[in-house]
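The structure under discussion appears below in the form of structure tokens.
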Amino acid sequence: MKIAFSDIDGTLLNKDREVSPALKKEVRRITENGVPFILISSRMPAAMTHLQDDLRISGLPLIAYNGGWVLVDGQAIHSEEIPLHIVREIDGLRSGSSLSVQLFHGHEWYVESMDFYALREENNTKVSPSVRKMKETTSDWQARNISAHKVMVMGEPAELDVLVEQLEREFDRELHLYRSKDTYLEIASKRISKLTGIEMLLANSYPDFSLADCIAFGDNFNDVEMLQAVGMGVAVANAKAAVLAVADRVVATNKEDGVAEGLRSLVV
């Protein structure tokens, strides 16, 4: 394998939501041997760069927002946003519910209040959001001619079920809806995925590499397409059944250094 990609949450991080000494050792070994180790996640860049620092791979590219924003040397080589009118529609559809909405564009993260979900995300990602009403954010973005790379909606499962049904009915061709857990809904453009992010990065920065040269690690539904397409798709043992089903190899759980195990045995 000539290049490695890894999901973060549920795949790369240990029980303390950190990178382990064993993982640091393996990443250092493969990168010193010329194999780039690229983080690929639904997270925003600031929630990934501190992990790059820990792994000593700060100069390498990263793929954020499930492929919606691909960064090389800190600059975007690919960007795919949700149309702003749809972001506003999402706000309208959740009106009257208790659902919490978070908006992401590039390095920006906005919440309407520091509620339970905002505090949990802040703790998990080690990044602090800005507090601003959604309508203020969308008005600002309209003036700047930008929109969301990702929208997160969190709350009671029954209320999310209703929202998902409405969004599927109205925007099936425009939106990718990813339910990472019953209380979490991640929304992105249907034109992107982790696989498209990898393809964009290879074309721009590693033109001599093909998908067959890639190894990728994952655990959840948004990793399936990526694991199917690369030369070696690896699932951690705690992965969803659908991920385990398509993986070429299964390694230990994220809490048992599965990615380190996979790098040690599969990237020589």
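The values are calculated or read from the model by the stated rules, or taken from the named source; none is laboratory data. Quick caveat: nothing in here was measured; it's all calculated off a predicted structure. FYI the Cβ positions are ideal-geometry reconstructions off the backbone, even for glycines, and counts take in every protein chain you see.
Taking the listed residues R191, R264, the one that is charged (D, E, K, R), under 18 Å from G68 (Cβ atoms) and surrounded by fewer than 20 Cβ atoms within 10 Å (Cβ to Cβ) is R191, with no other qualifying.
For segment 123-134, state whether one or more residues are outside the structural domain of M48 (by TED's automatic domain parsing), assigned to a strand (DSSP E or B) and not β-branched (V, I, T). Checking segment 123-134: at least one residue is outside the structural domain of M48 (by TED's automatic domain parsing), assigned to a strand (DSSP E or B) and not β-branched (V, I, T).
Here is a check on your reading of the model: is A76 without any contact (Cβ under 8 Å) to a residue 60 or more places away in the chain, under 23 Å from A64 (Cβ atoms) and crowded, with 19+ Cβ neighbours inside 10 Å? Spelling it out, it is not the case that A76 is without any contact (Cβ under 8 Å) to a residue 60 or more places away in the chain, under 23 Å from A64 (Cβ atoms) and crowded, with 19+ Cβ neighbours inside 10 Å. Selection of segment 17-38 for residues being in contact with a helix residue (DSSP H, G or I) (Cβ under 8 Å, 6 or more places away or on another chain) and either touching a residue at least 60 places away in the same chain (Cβ under 8 Å) or buried (at least 18 other Cβ atoms within 10 Å of the Cβ) (or both) yields R17, V19, S20, A22, L23, K25, E26, V27, R29, I30, F37, I38. Output the number of the condition that E186 fails; it satisfies all remaining conditions of (1) closer than 30 Å to E112 by Cβ; (2) among the acidic types (D, E); (3) out of contact with any strand residue (DSSP E or B) (no Cβ under 8 Å at 6 or more places or on another chain); (4) surrounded by 16 or more Cβ atoms within 10 Å (Cβ to Cβ). In the conditions (1) closer than 30 Å to E112 by Cβ; (2) among the acidic types (D, E); (3) out of contact with any strand residue (DSSP E or B) (no Cβ under 8 Å at 6 or more places or on another chain); (4) surrounded by 16 or more Cβ atoms within 10 Å (Cβ to Cβ), E186 misses (3) alone.
Okay, residues lined up against (1) of a type outside the set (D, E); (2) closer than 17 Å to H85 by Cβ:
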site: T138; (1), (2): yes, yes
site: R144; (1), (2): yes, yes
site: S147; (1), (2): yes, yes
site: M152; (1), (2): yes, no
site: G155; (1), (2): yes, no
site: E165; (1), (2): no, no
site: E170; (1), (2): no, yes
site: L175; (1), (2): yes, yes
site: I187; (1), (2): yes, yes
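Meeting the requirement of 2 or more residues that are under 14 Å from the mean Cα position of the chain (by Cα), the helices (runs of 4 or more DSSP H) wholly within segment 1-110 are 46-55.
When M44 is tested against (1) buried (at least 18 other Cβ atoms within 10 Å of the Cβ); (2) free of Cβ contacts under 8 Å to residues at least 40 places away in the same chain, exactly one condition is not met: (2).
Within segment 149-183, the set of residues being crowded, with 17+ Cβ neighbours inside 10 Å and small (G, A, S) comprises G155 only. Looking across Y206, Y178, one residue alone is farther than 19 Å from S42 by Cα, of a type in the set (F, W, Y) and touching a residue at least 40 places away in the same chain (Cβ under 8 Å). It is Y206. Please tell me if D115 is over 19 Å from G68 (Cβ atoms) and not hydroxyl-bearing (S, T, Y). Judged against the criteria, D115 is a match. Taking the criterion of being of a type in the set (S, T, Y) and closer than 22 Å to A203 by Cα, the residues of segment 39-97 that qualify are S41, S42, S58, Y65, S79. Right, L119: out of contact with any helix residue (DSSP H, G or I) (no Cβ under 8 Å at 6 or more places or on another chain) and touching a residue at least 24 places away in the same chain (Cβ under 8 Å) or not? Considered against the rule, which asks whether it is out of contact with any helix residue (DSSP H, G or I) (no Cβ under 8 Å at 6 or more places or on another chain) and touching a residue at least 24 places away in the same chain (Cβ under 8 Å), L119 comes out as no. If the condition is being under 10 Å from K2 (Cβ atoms) and either at pLDDT below 95 or not hydrophobic (A, V, I, L, M, F, W, C) (or both), then segment 194-220 contributes Y206, D208, S210, D213.
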